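Chemist: Here it is, the structure, as structure tokens.
Please treat every number below as a calculation from the coordinates, not as lab data. This is a predicted model, so every value here is computed, not measured. Note that we place each Cβ from the backbone using ideal geometry, even for glycine, and neighbour counts take in every protein chain shown.
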Amino acid sequence: MRKEYGNALRRMFTERMRSQLPDWRAVPPPKPWYWPGERLFVNERHAPVWLVVVLQPDLGDHDAFNIEIGWSALGRVPELGMRPCPDDSHGVDPAAWDEYLCRLSSLLPTERRLYGWVDGWVVDERTFSADPAATMAALVERQTRISAEQARAKLAPFVDDAWSALRDRGLPFLDEKVRLLTAHRLR
């Protein structure tokens with residue numbers, strides 16, 4: 001992700017988490033389980049289960065980002081060998097798993113996904129283009145720095161949309177799964 005976009009995205013998302021979800025706290029991403037540039041937020045209201053939100057700016061040349069959500073029943077940030085967890089869990093409800101992370105975009109209706117083959121929020125489609133001219137134009141534009149204000153203005157609708165998805169789909173999903181996880185453990 002373009003450096004200016006990545007910086008603005010991390011600031012905007014962190015500000016939104018602090019102001020609108022103050023019971024969630026930022027935690028440092030443990031190595032080697034998370035990539036540099038990712039931001040993790042946890043909520044421990046269901047201790048020992050930690051609810052987790054992971055902001056993932058694209059680490060490559062794509063101007064895009066995603067959000068992963070999940071939990072750990074082990075009182076920590078999930079330490080998974082594969083992220084996100086496989087969608088096909090062979091009929092086992094993920095609520096039976098001690099640790100789980102899925103992409104927030106996978107919880108959106110199929111018609112709601114902007115780019116069927118790309119998960120997440122795409123800020124500049126040209127960075128995914130199969131047209132070399134479009135890709136080259138995007139790369140040439142990156143040679144000119146943009147201000148933090150310009151980056152924030154460009155990202156604002158994408159962050160707003162991702163935030164709506166988190167609020168409307170992600171958090172209710174986590175609440176339901178932690179309810180099932182808790183019920184499963186009480187048996």
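Chemist: Using Cα pairs under 8 angstrom and six or more residues apart, how large is the relative contact order of segment 3-186, in percent?
Modeler: Relative contact order, segment 3-186: 21 percent.
Chemist: With n ≥ 4 as the cut-off for DSSP H runs, can you work out [θ] at 222 nm for the chain, using -39500 (n - 2.57) per run divided by the number of residues, rounded to the nearest 500?
Modeler: Mean residue ellipticity at 222 nm (helix-derived): -11000 deg cm²/dmol.
Chemist: Quick one: net charge of Trp33's neighbours, Cβ under 12 Å, K/R +1, D/E -1? Working shown, then result.
Modeler: Working: positive: Lys31, Arg76, Arg83; negative: Glu38, Glu68, Glu79, Glu99.
After counting each charged neighbour, the total is -1.
Chemist: Rounded to a whole number, what is D in µm²/s for segment 3-186 from Stokes-Einstein with the Kirkwood radius over alpha-carbon pairs (10 °C, 1.306 mPa s)?
Modeler: 91 µm²/s
Chemist: Using θ = phi - 60° and the Karplus form 6.51 cos²θ - 1.76 cosθ + 1.60, what ³J(HN,Hα) does each residue of segment 55-68 get, whole Hz, x for Gly and Pro?
Modeler: Per residue, the Karplus-derived 3J(HN,Hα) values read 8, 10, x, 4, 8, x, 8, 8, 8, 7, 8, 9, 10, 10 Hz.
Chemist: Write down the Å³ per residue value for the convex hull defined by the alpha carbon atoms of segment 17-91.
Modeler: Roughly 124 Å³ of hull volume per residue.
Chemist: Only residues of segment 36-53 count here: report those whose backbone N is under 13 Å from the spot 7 Å along Cα→Cβ of Thr135, or say none.
Modeler: What the label zone holds, given the 13 Å backbone N cut-off, is no residue at all.
Chemist: On to the next question. Please list 3J(HN,Hα) in residue order for segment 119-136, calculated via the Karplus relation 6.51 cos²θ - 1.76 cosθ + 1.60 where θ = phi - 60°; whole Hz, with x for glycine and proline.
Modeler: Once θ is set to phi - 60°, the couplings for segment 119-136 become 7, x, 10, 9, 7, 9, 4, 4, 6, 10, 5, 8, 8, x, 5, 5, 4, 5 Hz.
Chemist: Give, rounded to the nearest 20 debye, the magnitude of the charge dipole that the chain has about its Cα centre when Lys and Arg contribute +1 at Cβ and Asp and Glu contribute -1 at Cβ.
Modeler: Approximately 600 debye in magnitude.
Chemist: Something else: Which of the lysines could be linked to Lys154 by a straight reach, that is with a Cα gap under 18 Å, when you skip same-chain ones fewer than 8 residues away?
Modeler: The qualifying lysines are Lys3.
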